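Right, one structure below, let's go through it.
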Amino acid sequence: MAGMVSYTALYREEVYHLCQLTEKFTDVDRIHFSGDDLNSLDIGEEVIQRLPTDTPGEAFDRWRRRRLAWLRQRGVNAMPCVLLFDSLPCQSRVGNLHVIRNYLQAEWNTRRSAQDGVLRFDKDTIRGFSPRVPVQSNLVDCGIYLLHYVEMFFKKPVQSYTKDYFQHEMAGWFPEATVSKKRAQIHDLLVNLRERNLREKAKN
């Protein structure tokens, strides 16, 4: 099973309210960036700057508001969602999404809430989907499928965050034969690394 936090690729005006994790972010469209700033990845990599006068959560809200504005002006819907790829057939996945949100909530409450304020992790702030992806035909290929899901997520990204796409298009994300080849590729890679390591030791 692989769980990934992703962002919808296209921003739509009718779902703007879903991008806001609290009511404090209704003014993000008033923040404007110059052309150079908008195309710079530096803003997307900015760290949280905390001031001595900040109240709990103020610095994080300021950073998040700027990040949301930057994403929206680049045409990106800033609402995160969890994509759950499960290679075992006939599994109940709704409960797993609930567990992931509870975990994120517990992590935030334990590590960040005292400094960065309250943040909710529920179905209204982080959507969850479990696409119908190719599944394994045995009980031993979990790791191989996990590796291939992650690889495919970057090689062939999700094109549409809709139920129809998840239930139909992604069912043929890749053929089962690809997974069999991956096992052989991993075997060959490990053998080659071992042989290279032995050669390097022999030289020394």
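The values are calculated or read from the model by the stated rules, or taken from the named source; none is laboratory data. None of the values given here were measured: they were computed from a predicted structure. No Cβ is skipped: glycine too gets one built from the backbone with ideal geometry, and neighbour counts run over all protein chains shown.
Laid out as a table, the results:
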quantity	calculated
Flag for W108 being more than 30 Å from G143 (Cα to Cα) and either at pLDDT 70 or above or not in a helix (DSSP H, G or I) (or both)	no
Criterion violated by L189 - all others in (1) surrounded by fewer than 13 Cβ atoms within 10 Å (Cβ to Cβ); (2) at pLDDT below 90 satisfied	(2)
Positions within region 79-114 being surrounded by fewer than 15 Cβ atoms within 10 Å (Cβ to Cβ) and closer than 27 Å to Y145 by Cα, in sequence order	L88, P89, C90, Q91, S92, V94, G95, H98, V99, N102, Y103
Answer from G128, G117 - the residue that is surrounded by 15 or more Cβ atoms within 10 Å (Cβ to Cβ) and at positive phi	G117
Of all residues in region 146-174 being in contact (Cβ under 8 Å) with a residue 60 or more places away in the chain and not in a loop (DSSP other than H, G, I, E, B), the one that is surrounded by the most Cβ atoms within 10 Å (Cβ to Cβ)	Y149
Number of positions in region 131-145 that are in a helix (DSSP H, G or I), surrounded by 13 or more Cβ atoms within 10 Å (Cβ to Cβ) and out of contact with any strand residue (DSSP E or B) (no Cβ under 9 Å at 6 or more places or on another chain)	2
A69 buried (at least 17 other Cβ atoms within 10 Å of the Cβ) and either at negative phi or modelled with pLDDT under 80 (or both)	yes
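Here is a yes/no grid of residues against (1) out of contact with any Cys (no Cβ under 8 Å at 6 or more places or on another chain); (2) modelled with pLDDT of 75 or more; (3) closer than 18 Å to V118 by Cα:
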site	(1), (2), (3)
D42	yes, no, no
V47	yes, yes, no
L51	yes, yes, no
E58	yes, yes, yes
R62	yes, yes, yes
G75	yes, no, no
P80	yes, yes, yes
L84	yes, yes, no
